[in-house]
Amino acid sequence: MLDPSPTRRHFFSLSSTGLGSVALASLLNPKLFAADARDPKTGGLAGLPHHAAKAKRVIFLHQSGGPSQLDLFDPKPKLRALFGSELPDTIRRGQRITGMTSGQKALPVAPSLFEFKQHGKSGGWFSELIPHTAKIADDIAVVKSMHTDAINHDPAITFIHSGSQQPGRPSLGSWVSYGLGSENANLPAFVVLLSLSNTPNADQPLFSRLWGAGFLPSNYQGVRFRSGSDPVLYLRNPDGIDRDTRRAMLDGVEKLNRMHLAAYGDPEIETRIAQFEMAYRMQASVPELTDLSKEPESTFELYGEDARKPGTYAANCLLARRLAERGVRFIQLYHRGWDQHAELPSHIRMQCKGTDQPSAGLVTDLKRRGLLDDTLIVWGGEFGRTVYCQGKLTETDYGRDHHPRNFAWWLAGGGIKPGISMGSTDDFSYNIEEEGVHVHDMQATIMHCLGVDHTKLTYKFQGRWFRLTDVHGNVVRKLLS
């Protein structure tokens, strides 16, 4: 039963006269006064997409920690003659470096130990560490000229996924689900999958705010799926509670929530009602989604045997394909272990062994099923690694520090031109020489592929209109098919 004694907020919200009620109602529920009409089919904003979309969904394979572009995608054979020499001042140009190497007496050049070869009709260069990715050279676009504003992990990964180095902004997936809604009413529009490192270094922290909704309504935040028997916590009914009992309980809770909604006008109450209903539907859809027993042997040959083990990168890539098949709008996969400040040669071998085949397998699988054309795949980390060694340099071992000046991503599918390589760097893979792509540019391009003009998808918060790319970002036309 509702408390009969009215609070100050309650009094004004129920008042039928005066500007106070109007002002308060607009604060409590901006949708009452904003043009926020929704598509009845998808739940997305009316009027979106802004233009014809090439991609219906996104799978973002985030390699947390910063993969070394020098050892994977950006060959610099001339460096072998410069082994152990000091990084020239003309290359560094006084640029900021992290506190982890700023105190070193020297910044010795560390050439990659790994061989590079050209692959496919496109002739793209790939390291021996990623032979499976090399096989899909003609299906992907490699960008060697990514750059970011952040030099440390937390602000850098926050920047990649929210457009700001400061916490609190909505994540990319939340912006997409807010704008475009979902094609499947029985699964969340935005799903998050986490996999552990393939190296001993598994301590790279990941925070739920990376897939949070920020100031957007909370139903647009990502829903994290976990490994094990309960992919979503508290989704399964406890012993003694059947589906009919659960339905009756939810009906009763909804009546109470609607009474509170009518009394207070708080839009988060409506969000809570919707999320309870989504959870009820997910009780039926999630077990079917995560049941891999009907997948043929050829699937596991494609992704690798690790795809049978829940929580591995391979298993999550396979699950990402199953989510894409079912119309989930944004699938975010985080894979830790790329922060190789020491023992890079041995650790990056382990990491690539666990990620190379599943990443390529996902592209191949989607292509075989006719889903690659309208699914955008994005692979990359928050920054790259330095050409100079962190710690002791030997003929067989080196470490690399954070490097925001340039790093490499690859993309495939929905609206991306396949088989191209974009951007170039100097002989030290330290500075971009041509076709730089800023983080905001890439965010704008991802949105464009989904049919969204990044300058028009906005949300008013605390008196200011916000967007994913803030006041920056240009669509990278060269990447588009």
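Please go through the range 269-304 and pick out each residue that is among the charged types (D, E, K, R), in a helix (DSSP H, G or I) and over 23 Å from GLY181 (Cβ atoms). Selection gives GLU297, GLU301.
Put simply, of ARG236, ARG209 the only residue that is in contact with a helix residue (DSSP H, G or I) (Cβ under 8 Å, 6 or more places away or on another chain), free of Cβ contacts under 8 Å to residues at least 60 places away in the same chain, surrounded by 13 or more Cβ atoms within 10 Å (Cβ to Cβ) and outside any loop (DSSP other than H, G, I, E, B) is ARG209.
Do we have LEU113 as in contact (Cβ under 8 Å) with a residue 40 or more places away in the chain, closer than 27 Å to LYS392 by Cβ and touching a helix residue (DSSP H, G or I) at 6+ places or on another chain (Cβ under 6 Å) here? Yes, satisfied.
Looking only at the range 117-145, how many residues end up being in contact with a Lys or Arg (Cβ under 9 Å, 6 or more places away or on another chain), hydrophobic (A, V, I, L, M, F, W, C) and surrounded by 20 or more Cβ atoms within 10 Å (Cβ to Cβ)? Explain how you work it out, then say what you get.
Step one: list which residues in the range 117-145 are in contact with a Lys or Arg (Cβ under 9 Å, 6 or more places away or on another chain), which gives 119-120, 125-129, 134, 136-139, 141.
Still in the list and also hydrophobic (A, V, I, L, M, F, W, C): 125-126, 129, 134, 136-137, 141.
So of that shortlist, the ones also surrounded by 20 or more Cβ atoms within 10 Å (Cβ to Cβ) come out as 126, 129, 134, 136-137, 141.
Counting residues in the range 117-145 that are in contact with a Lys or Arg (Cβ under 9 Å, 6 or more places away or on another chain), hydrophobic (A, V, I, L, M, F, W, C) and surrounded by 20 or more Cβ atoms within 10 Å (Cβ to Cβ) gives 6.
For the criterion of being crowded, with 23+ Cβ neighbours inside 10 Å, in contact (Cβ under 8 Å) with a residue 60 or more places away in the chain and more than 17 Å from the chain's Cα centre (by Cα), TYR388 passes. Among helices (runs of 4 or more DSSP H) entirely within the range 1-99, having at least 1 residues that are among the polar types (S, T, N, Q), modelled with pLDDT of 95 or more and buried (at least 18 other Cβ atoms within 10 Å of the Cβ) singles out 69-72. Among the residues of the range 332-351, the one identified as assigned to a helix (DSSP H, G or I) and in contact with a Lys or Arg (Cβ under 8 Å, 6 or more places away or on another chain) is LEU344.
Across the range 146-172, which residue is surrounded by the most Cβ atoms within 10 Å (Cβ to Cβ) among those that are in a helix (DSSP H, G or I) and in contact with a Lys or Arg (Cβ under 8 Å, 6 or more places away or on another chain)? Restricting to residues being in a helix (DSSP H, G or I) and in contact with a Lys or Arg (Cβ under 8 Å, 6 or more places away or on another chain), the top hit is SER162. Scanning the range 173-198 for residues that are crowded, with 21+ Cβ neighbours inside 10 Å, at pLDDT below 95 and over 27 Å from ALA46 (Cα atoms) yields SER195, SER197, ASN198. In the range 246-260, the residues that are within 13 Å of GLU270 (Cβ to Cβ) reach residues that are surrounded by 13 or more Cβ atoms within 10 Å (Cβ to Cβ) with C-beta atoms within less than 6 angstrom, at least six apart or across chains, in these pairs: GLU254/ILE273; ASN257/ILE269; ASN257/ILE273; HIS260/ILE269.
Considering the range 290-307, and only residues there that are modelled with pLDDT of 95 or more and surrounded by 15 or more Cβ atoms within 10 Å (Cβ to Cβ), the residue that is farthest from ARG369 (Cα to Cα) turns out to be ASP306.
The values are calculated or read from the model by the stated rules, or taken from the named source; none is laboratory data. A quick note: this is a predicted structure, and the numbers were derived from the prediction, not measured. Positions of Cβ are backbone-derived with ideal geometry, glycine not excepted, and every protein chain shown enters the neighbour counts.
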